[in-house]
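Colleague: I have a structure here, written as structure tokens, and I will follow up with some questions on it.
The values are calculated or read from the model by the stated rules, or taken from the named source; none is laboratory data. No experiment lies behind these values; they were computed from the predicted model shown. We place every Cβ from the backbone using ideal geometry, glycine too, and count neighbours over all the protein chains shown.
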Amino acid sequence: MLAAISRLSSMTRIFIDPPISLAMSHQYASRFAKKMSTLVKSCIEDGRLSANLCNLTQHSSVSTKFIHLPLYAEGLMITSEYLNVTGRFCTITRLTLAVAIALSINQSLAQTAGHSPALFPEYPLEHSSEHAPLQKSSSIRFIDAYNEALKLAPEDRLSQSSRDQATSVSAIAERWIVGAPAWQTSVINDRLLSNRGLRELETSLAVNLWRPGERRDARDRGTAYGQRSAAMQHYLRWLVAGRVRTNLAELETADLQLAAALQAEQDALQLLETTQRLQNAGAASTQEVLQAENLWLQQGRHVLDARAALVDAERSWQVLTGLTVRPAEPHEETRAAQEVIEQHHPLLALRHSDMMISDSNIADAERQTKGSPTISLGMRRERGDWQQPSIESVGISVSIPFASRSLVAAGSADARAARTDSELALVQDMRALTAQLHEVEHELFTLAQALPLTERQHAVNQQQWQMAQTAFEVGEADLTHVIMALQRAQDSAREHQLQLLREQHLTSEYNQIIGVLP
């Protein structure tokens, strides 16, 4: 019987909500267990255990949060009604359930008594090998990470393609003819018809020639592609530098958030220990201890979130650079003296090269529409019949195509539209960079004015937190006031540190927008 009661007691504790059990005081626990013991006899006599439990929970001395216990007991007893057993066995079962419920509540509340952070499971701080934090190394500098990221950049394929394209287009302008030459041969023979000995053989080689100025245009086209290849290289370096700057900013921000979360957790733990010490001295209630503990657990969740954000930033760093270590020191830059965006900006230089290619494409489209002069050089051998000798001759022919202006304009319309798109992209990128530069300058100006204010606010909130903590220890303030002061101090400290870090990041962002590489 005792073994059955023990098993049912452990099973019943499953149905009891842990927060509800923690909310009951020791007085409620002992009173509930005592009344359960006095009602066992009446439960056996009338066989209405669930009704008596309901009446018991209605008493003012028992928490109303336990009103669901009769429903669980009734559900277990309904299961026993389906068994073909005697009434005496059912009575024993109900008695056992009543005792098990009382024992489970006593055990749960006994475990709650005098609780401390040591009794609560620590959230896991260790990391698996898959999510282990990256090691910091003082030997890793920005230029090292930049060079590694440049090797792994997906846009490097476009850079290689632009170099090959520039080489191919430039080689066309070095040729003396346009396009590929054509070899043509024709044979005339009357053997299948009259068969009088008529023979005629003609062969020639035809080549297309440059019009005046077209070869110069082809050289300009090759030069435009060469400039675009160089601009693509410069743009790739600028793009990768921006990615490394952004990733480093994310890492530094995640480090700061994690440090702030750990400090907040430590402060919450200190407050919890103070509250427990006051509770042992009779100066704090259980509700205040639970409130302080809830704050400590909440800060622990913030630590987990900060660690997850740091892991995400470190994984982005590994993908970007391929490195398994990260710089130990924060990245700092000096603000460039340049105040305007110049035309040799990497992005604008790339757009200018696209416009030059569009201009050369217009000239190439006009050339193709006009056509190229063709010269043919060949030989001819012929005879009239069997009695006549063969006659051999050399021939040369020239063809010059003519095209109207409307035909040339229609043939180059698409190329002109592409040139307009390139010009539009240049204007839009210039406006976007100017707007970004203005926003960064304004934010830097605002931060310079806000930093003294946040520094003073942090000092004031820190002093208020210390005063509130002292007042709470001597019983002059409640815990809610202390928690609010603590949260204000933590928020102001984190905000001040974030503003200092944001100022460094804005300096790097300013240099990135201007087009200055570190």
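Colleague: Tell me the residue from VAL319, VAL325 that is of a type outside the set (Lys, Arg), over 28 Å from GLU443 (Cβ atoms) and within 18 Å of the chain's Cα centre (by Cα), please.
Modeller: VAL319
Colleague: All but one of (1) at pLDDT below 90; (2) closer than 30 Å to PRO346 by Cβ; (3) not hydroxyl-bearing (Ser, Thr, Tyr) hold for VAL482, so report the exception by its number.
Modeller: Single failed check for VAL482: (2).
Colleague: Looking at region 402-432, which of its residues are assigned to a loop (DSSP other than H, G, I, E, B) and surrounded by fewer than 12 Cβ atoms within 10 Å (Cβ to Cβ)?
Modeller: Within region 402-432, the first condition is being assigned to a loop (DSSP other than H, G, I, E, B), and the residues that meet it are 402-404, 412.
Once the filter is applied, which keeps residues that are assigned to a loop (DSSP other than H, G, I, E, B) and surrounded by fewer than 12 Cβ atoms within 10 Å (Cβ to Cβ), region 402-432 yields PHE402, SER404.
Colleague: On to the next question. Which numbered condition in (1) among the small types (Gly, Ala, Ser); (2) at pLDDT below 90; (3) under 30 Å from ILE357 (Cβ atoms); (4) touching a Phe, Trp or Tyr at 6+ places or on another chain (Cβ under 9 Å) is the only one that GLY515 fails?
Modeller: (2)
Colleague: Please find, within region 440-455, the residue that is nearest to the chain's Cα centre (by Cα) out of those that are surrounded by 13 or more Cβ atoms within 10 Å (Cβ to Cβ) and of a type outside the set (S, T, N, Q). Let's see the steps before the verdict.
Modeller: Of the residues in region 440-455, the ones surrounded by 13 or more Cβ atoms within 10 Å (Cβ to Cβ) are 440-441, 443-444, 447, 450-451, 454-455.
Those still in the list that are of a type outside the set (S, T, N, Q) too: 440-441, 443-444, 447, 450-451, 455.
Working: VAL440: 22, GLU441: 26, GLU443: 24, LEU444: 25, LEU447: 26, ALA450: 29, LEU451: 29, GLU455: 31 Å.
Only one residue tops the list, namely VAL440.
Colleague: Sticking with this structure for a sec: Restricted to region 208-229, and to residues that are among the small types (Gly, Ala, Ser) and surrounded by 17 or more Cβ atoms within 10 Å (Cβ to Cβ), which residue is nearest to the chain's Cα centre (by Cα)? Talk me through it step by step, then tell me what you get.
Modeller: First, the residues of region 208-229 that are among the small types (Gly, Ala, Ser): 213, 218, 222, 224, 226, 229.
Still in the running and surrounded by 17 or more Cβ atoms within 10 Å (Cβ to Cβ): 218, 222, 224, 226, 229.
Details: ALA218: 45, GLY222: 40, ALA224: 37, GLY226: 36, SER229: 31 Å.
So, considering only residues that are among the small types (Gly, Ala, Ser) and surrounded by 17 or more Cβ atoms within 10 Å (Cβ to Cβ), the one nearest to the chain's Cα centre (by Cα) is SER229.
Colleague: Just one of (1) assigned to a loop (DSSP other than H, G, I, E, B); (2) surrounded by fewer than 16 Cβ atoms within 10 Å (Cβ to Cβ); (3) not hydroxyl-bearing (Ser, Thr, Tyr) trips up ALA435, so point out which.
Modeller: Of everything listed in (1) assigned to a loop (DSSP other than H, G, I, E, B); (2) surrounded by fewer than 16 Cβ atoms within 10 Å (Cβ to Cβ); (3) not hydroxyl-bearing (Ser, Thr, Tyr), ALA435 misses just condition (1).
Colleague: Still on this structure: Yes or no: ALA182 hydrophobic (A, V, I, L, M, F, W, C), farther than 28 Å from HIS352 by Cβ and outside any helix (DSSP H, G or I)?
Modeller: yes
Colleague: Note down all Cβ pairs under 7 Å where the first residue falls in region 449-465 and is assigned by TED's automatic domain parsing to the domain that holds GLU503 and of a type in the set (D, E, K, R), the second is in a helix (DSSP H, G or I) and surrounded by 15 or more Cβ atoms within 10 Å (Cβ to Cβ), and they're at least six residues apart or on different chains.
Modeller: If the second residue must be in a helix (DSSP H, G or I) and surrounded by 15 or more Cβ atoms within 10 Å (Cβ to Cβ), the pairs left are GLU455/HIS496.
Colleague: Out of curiosity, is VAL398 more than 30 Å from LEU426 (Cα to Cα) and free of Cβ contacts under 8 Å to residues at least 24 places away in the same chain?
Modeller: no
Colleague: Scan region 344-395 residue by residue and report those that are under 26 Å from TYR225 (Cα atoms) and hydrophobic (A, V, I, L, M, F, W, C).
Modeller: Across region 344-395, the qualifying residues are LEU347, LEU348, ALA349, LEU350, MET355, MET356, ILE357, ILE362, ALA363, ALA365.
Colleague: Then there's this: Any residue at all in region 326-333 that's part of a strand (DSSP E or B) and either surrounded by 13 or more Cβ atoms within 10 Å (Cβ to Cβ) or of a type in the set (A, V, I, L, M, F, W, C) (or both)?
Modeller: yes
Colleague: Here is a check on your reading of the model: is THR507 part of a helix (DSSP H, G or I), within 23 Å of PRO330 (Cα to Cα) and hydroxyl-bearing (Ser, Thr, Tyr)?
Modeller: yes
Colleague: Same structure, new question: So, in region 182-195, exactly how many residues are exposed (fewer than 11 other Cβ atoms within 10 Å of the Cβ) and within 60 Å of the chain's Cα centre (by Cα)?
Modeller: Qualifying residue count, region 182-195: 0.
Colleague: Could you list, in sequence order, all residues of region 274-288 that are without any contact (Cβ under 8 Å) to a residue 60 or more places away in the chain and in a helix (DSSP H, G or I)?
Modeller: Once the filter is applied, which keeps residues that are without any contact (Cβ under 8 Å) to a residue 60 or more places away in the chain and in a helix (DSSP H, G or I), region 274-288 yields ARG277, GLN279, ASN280, GLN287.
Colleague: I'd like the full set of residues that are touching a strand residue (DSSP E or B) at 6+ places or on another chain (Cβ under 9 Å) and modelled with pLDDT of 90 or more, limited to region 325-365.
Modeller: Once the filter is applied, which keeps residues that are touching a strand residue (DSSP E or B) at 6+ places or on another chain (Cβ under 9 Å) and modelled with pLDDT of 90 or more, region 325-365 yields VAL325, ARG326, PRO327.
Colleague: Here is a follow-up. Of the residues GLN388, GLN368, which is of a type outside the set (A, V, I, L, M, F, W, C) and in a loop (DSSP other than H, G, I, E, B)?
Modeller: GLN388
Colleague: Report whether or not ASP164 is crowded, with 16+ Cβ neighbours inside 10 Å, among the acidic types (Asp, Glu) and at pLDDT 85 or above.
Modeller: Here the answer is no, as ASP164 does not meet what is asked.
Colleague: In region 152-187, which residues are in contact with a helix residue (DSSP H, G or I) (Cβ under 6 Å, 6 or more places away or on another chain), closer than 30 Å to VAL240 by Cβ and of a type in the set (A, V, I, L, M, F, W, C)?
Modeller: Passing the criteria: ALA153, ALA166, VAL169.
Colleague: Hey, among LEU269, LEU304, which residue is modelled with pLDDT of 90 or more, within 31 Å of the chain's Cα centre (by Cα) and at negative phi?
Modeller: Of LEU269, LEU304, the one residue that is modelled with pLDDT of 90 or more, within 31 Å of the chain's Cα centre (by Cα) and at negative phi is LEU304.
Colleague: Pairs, please: C-beta under 7 Å, at least 6 apart or cross-chain, first residue in the same structural domain as VAL207 (by TED's automatic domain parsing) and in region 167-182, second in a helix (DSSP H, G or I) and among the hydrophobic types (A, V, I, L, M, F, W, C)?
Modeller: Listed pairs, sorted by first residue: ILE172/ALA218; ALA173/ALA218.
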